[in-house]
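Let me begin by presenting the structure, written as structure tokens, before commenting on it.
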Amino acid sequence: MNAQFPSLLWVVRHGQSAGNVARDLAEEQGLRTIEIAERDIDVPLSVLGQRQSEALGLWFSRLAQDSRPEIILCSPYIRARQTADALNAALNVDTPVKLRTDERLREKEFGILDRLTPAGIRHKYPELDEQRKHVGKFYFRPPGGESWCDVILRLRSLLEMVSREYAGQRVLIVAHQVIVNCMRYLIETLSEEQILSIDRLSDVPNCGVTSYRLEKNEQQAGELVLELENFVAAMHEEGMPVTTAPDKPAGPKP
């Protein structure tokens, strides 16, 4: 990867969404589908998710002026945009911050498995369920959807753009759980086994922050070094519940 990186890079998962809530309810009730009227793209934040986003915005606004984001890049999905808007509103009180959406930061696409719970996938597509277990989520691509590798491919071009256009700047990315993990895979040069081990350990918290700082290595070339990993102290400071939900399909009715 190009040695010209942002001086600071934050990667944040959106706040709790209405889809997260509906997914949890469907799984608790043993349902096969997730009852959401909107397209996955249009699923908004829950009331708690909006409060989480505002709490994180306050945390960012309390950083020193020369340690705050200068540019926000976000997924075009509404829940990510609402999170980014809340962060931007808190930061814009003092200094204007650029906000830019980029479709390469969109949620992983689930194809025909969209809106199905694990029980629904096992019932409706047992062969695909077995194939996914055999291949693993890193390489498994459902019909009409994406594997983690597909997501990583689009993120490679995003990181090249970030390095080219925002080298030396402070960049905040607001997106989704799979995006956070795939960015870690790229930036930290992890293996399939390493990133899936991280994924199995815990879900990325809503409004959790993973961050990197540019440092010189022994060859005097710049490299991004991990500083924060799924940081949620901002939620605790404002008395917000820390919520997580695994990435599972959540979209419109067929």
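Okay, residues lined up against (1) crowded, with 24+ Cβ neighbours inside 10 Å; (2) more than 16 Å from the chain's Cα centre (by Cα); (3) at pLDDT below 95:
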site	(1), (2), (3)
Ala26	no, yes, yes
Arg39	no, yes, yes
Ser53	yes, no, no
Phe60	no, yes, no
Gln65	no, yes, yes
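Determine, yes or no, whether Glu109 is touching a Gly at 6+ places or on another chain (Cβ under 7 Å) and open to solvent by 60 Å² or more (accessible area, probe 1.4 Å). Criteria met by Glu109. Taken together, Glu165, Glu146 contain a single residue that is acidic (Asp, Glu) and surrounded by 20 or more Cβ atoms within 10 Å (Cβ to Cβ), which is Glu146. Checking Ile34 against (1) modelled with pLDDT of 95 or more; (2) touching a helix residue (DSSP H, G or I) at 6+ places or on another chain (Cβ under 7 Å); (3) open to solvent by less than 10 Å² (accessible area, probe 1.4 Å), only one condition comes out false. Which one? (1) is the only condition that Ile34 fails.
Of note, Val135 satisfies the criterion of being of a type in the set (A, V, I, L, M) and open to solvent by 50 Å² or more (accessible area, probe 1.4 Å).
Do we have Tyr212 as crowded, with 19+ Cβ neighbours inside 10 Å, at pLDDT 95 or above and over 22 Å from Lys108 (Cα atoms) here? Before the answer, list the steps.
Details: crowded, with 19+ Cβ neighbours inside 10 Å: yes; at pLDDT 95 or above: yes; over 22 Å from Lys108 (Cα atoms): yes.
Yes: the conditions hold for Tyr212.
Selection of the stretch 150-163 for residues being in contact with a helix residue (DSSP H, G or I) (Cβ under 9 Å, 6 or more places away or on another chain) and not small (Gly, Ala, Ser) yields Val151, Ile152, Arg154, Leu155, Arg156, Leu158, Leu159, Met161.
The values are calculated or read from the model by the stated rules, or taken from the named source; none is laboratory data. This one's a predicted model, so the numbers in the text were calculated from it and none came from an experiment. Positions of Cβ are generated from backbone atoms using ideal geometry, with glycine treated the same way; all protein chains shown enter the neighbour counts. What goes into the accessible areas is simple: the full protein's heavy atoms, side chains included, and nothing from ligands, DNA or RNA. Shrake-Rupley method; radii C 1.70, N 1.55, O 1.52, S 1.80 Å.
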